[in-house]
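All remarks here apply to the structure that follows.
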Amino acid sequence: MKIKRVDAILLRTPQLAAMAQFYCGLGLPLTEEDHGPEPVHWGCFLAGLHFAIHPAPVGGPRPSASTEISFEVEDVDAAIEELRAAGVEVVEEAHDRPFGRLAAVADPDGNRVYLHRYPSD
């Protein structure tokens, strides 16, 4: 088997509205999606990748906050300050790494969300 590409990132949460609001606040163009028998959820496409937030199954396990997601942004420092002003928890301040500039915030489920910028050529 050869994997061609990452096709989707799917998050399951008991806090559907809070998670959708958080990721919309990051700039993801989430819209409600309804595929018939599945519960309504939020999703969008980014550069061919499907990003979706689904409700956690009733009685199912709670999220473990072990998911980490990284988004490339134009300006890491400006993004962190904007999120901090909106009351988002910053868990890793902006700093330089060998691959570029990086910072992290926590989403409502406690997942680490990285914001990064690769160095310009």
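Couple of notes before you dig in:
- For first residues located in the stretch 91-104 and within 13 Å of E68 (Cβ to Cβ) and free of Cβ contacts under 8 Å to residues at least 24 places away in the same chain, partners that are open to solvent by less than 30 Å² (accessible area, probe 1.4 Å) and assigned to a strand (DSSP E or B) and lie 6+ apart or on another chain with Cβ distances below 6 Å form the pairs V91/A104; V91/A106; E92/A103; E92/A104.
- Any hit, the stretch 27-35, residues being touching a helix residue (DSSP H, G or I) at 6+ places or on another chain (Cβ under 8 Å), modelled with pLDDT under 95 and within 26 Å of K4 (Cα to Cα): no
- Matching option when the condition is of a type in the set (G, A, S) and within 11 Å of the chain's Cα centre (by Cα), among A47, A85, A52: A52
- Whichever residue in the stretch 1-54 is touching a Ser or Thr at 6+ places or on another chain (Cβ under 9 Å) and touching a residue at least 60 places away in the same chain (Cβ under 8 Å) and, among such residues, is farthest from A85 (Cα to Cα): I9
- Residue identified as of a type outside the set (D, E) and modelled with pLDDT of 95 or more among R84, R112, R62: R84
- Applying the criterion of at least 3 residues that are open to solvent by less than 80 Å² (accessible area, probe 1.4 Å) to the strands (runs of 3 or more DSSP E) found wholly in the stretch 28-112 leaves 41-46, 49-55, 68-72, 90-97, 100-106.
The values are calculated or read from the model by the stated rules, or taken from the named source; none is laboratory data. Computed from a predicted structure; not experimentally measured. Glycine gets a Cβ as well: all are built from the backbone with ideal geometry, and neighbour counts include every protein chain shown. Note: areas computed on protein heavy atoms with side chains; ligands, DNA, RNA excluded. Shrake-Rupley method; radii C 1.70, N 1.55, O 1.52, S 1.80 Å.
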